[in-house]
1. Do any of 81/313; 76/177; 234/399; 243/384; 49/81 go past 25 Å between their Cα atoms, and which?
2. I'd like the distance between the alpha-carbon centres of segment 199-216 and segment 148-188, rounded to an integer number of Å.
3. How high is the FRET efficiency between residue 190 and residue 262 when r is their beta carbon distance and R₀ equals 35 Å, given to the nearest 0.05?
4. Where Lys and Arg each count +1 and Asp and Glu each count -1, what net charge lies around residue 84 among other residues with Cβ under 14 Å from its Cβ?
5. How much area per residue is accessible in the chain when the probe is 1.4 Å and only protein heavy atoms are counted (Å²)?
6. Pick from 70, 86, 328: which residue has the top mean-square fluctuation in a GNM of the chain where Cα pairs under 10 Å get a spring?
7. Once you've got the GNM for the chain with C-alpha springs shorter than 10 Å, pick whichever of 300, 74, 285 has the biggest mean-square fluctuation.
8. Top mean-square fluctuation among 244, 71, 264, Gaussian network model of the chain, C-alpha springs under 10 Å?
Amino acid sequence: MKKMISRRNFLAAAGVVAAAGVLTACGGSSSSTAASTGADAAASGDTIKVGVLGPMTGDVSVYGQAVVNGATLYLKQVNEKGGINGKQLEIIAMDEQGDATQAVTCFTKMCDQGITALVGDVTTTPTLAVAAESADYNMPMVTASATAEAVTYDAETDTVNENVFRATFTDPFQGIKMADYAYQRLGYTKAAVIFQKGADYNEGLAENFVNEFESLGGTIVDQETYSEGDVDYKTQLTTILGKAPEVVFCPNYYQEVGQILAQAESIGLAVPFLGGDGWDGLEGYATADQLKDAYFCANYAKGSNSDFEDAYKAEYGEEYPNGFAPLGYDAAMTVVYGIQAAEDAGLTAGDDDYKQAVIDAIAGGTIDGITGTFTFDEHHNPVKQTAILCFDGAAPVLKEMF
């Protein structure tokens, strides 16, 4: 049995400082499609409060808004179908602006308002902080998109954060999966890697790609890094060119990937590139020639679920922006799966037994999501296939599930 972690130990393991009692205000809203909402309805047991947390403004709002919109869409659909055993879901959404301290402040405010479970957070550092704080409350928490392994599990101490789950795959999983695909499916035996140093996401994918590729019998001919804020990658790419790889693994975010691909083309580095889910959104940042024979892994491929995509456009007046929206949808679905079990057991929303019932149901459940049907492993990571995307011109399309 895996050990369960205390908040203090989780903070130490994750290297996160979560400030308690901070007075910084969080923007937020509370909404429900119930006929009667508010304090009176909540007190009479007619509503169930669910928190939705993410960066709706700031540098990473492109991800946070997508998650919040996806989650809110699903929760509204549940209400439109009659709610959970006749009870409506009251959505309490807050904007943490991409800041870990602000995220903890928002979370504690949500708890004061009586949430029974949380969809959030979105990016890794705020999610680590909220996960640590949530242990004191034993609050059921499902992050749509935070990929760092430490969000749910500390490998060094073999410790699981019991109340936290994720809808997305982890950084190690992505790196391993793309190494397997490069070597086993595509037949590459010599690879180079270029990634941002000091960034958990980039380093996590790169390290696991290298380890897995070499374990399969492949050779890593070069590893190049760059720093946050860099815009000139030609020195690193020229070094890679001189090592003659068959493929380059580039586990970075789409804006930087577009610049790297353009500069690779300019120096004559014409080998295929591979990436992780940070490539989602690359359209418009790279040309068809730069993306020839390129692949990346993702949780969702456009066109996979027309019902979701049509409903998103109808709700928000635009197509879903990236793969974070379907992950937000599935994270909310996971939370509702747990709440349904607690309600079916006749427990009182928000009390200790109720929250534990939500956690237990999720841990043992099967979620029929739009990013795939999945269960959860012993580290609370989803067990599901990965979408491998290639490019039709400059647009990503599903190649296969792998």
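The values are calculated or read from the model by the stated rules, or taken from the named source; none is laboratory data. Since the structure is predicted, the reported quantities are computational estimates derived from the model, not experimental observations. In this analysis, Cβ positions are derived from the backbone assuming ideal geometry, glycine residues included, and neighbour counts consider all displayed protein chains. In case anyone asks, the SASA skips ligands and DNA or RNA and just uses the protein heavy atoms, side chains included. Shrake-Rupley method; radii C 1.70, N 1.55, O 1.52, S 1.80 Å.
1. Details: 81/313 19 Å; 76/177 34 Å; 234/399 30 Å; 243/384 36 Å; 49/81 17 Å.
The pairs that break the limit, which is 25 Å between Cα atoms, are 76/177; 234/399; 243/384.
2. With segment 199-216 and segment 148-188 each reduced to a Cα centre, they are spaced 10 Å.
3. Details: r = 23 Å, r/R0 = 0.67.
Efficiency for this residue pair is about 0.90.
4. Cβ neighbours under 14 Å give a net charge of -1.
5. Normalised by residue count, the accessible surface of the chain is 39 Å².
6. Residue with maximal mean-square fluctuation among 70, 86, 328: 86.
7. Of 300, 74, 285, the most mobile in the Gaussian network model is 285.
8. Comparing 244, 71, 264 in the GNM, the peak value goes to 244.
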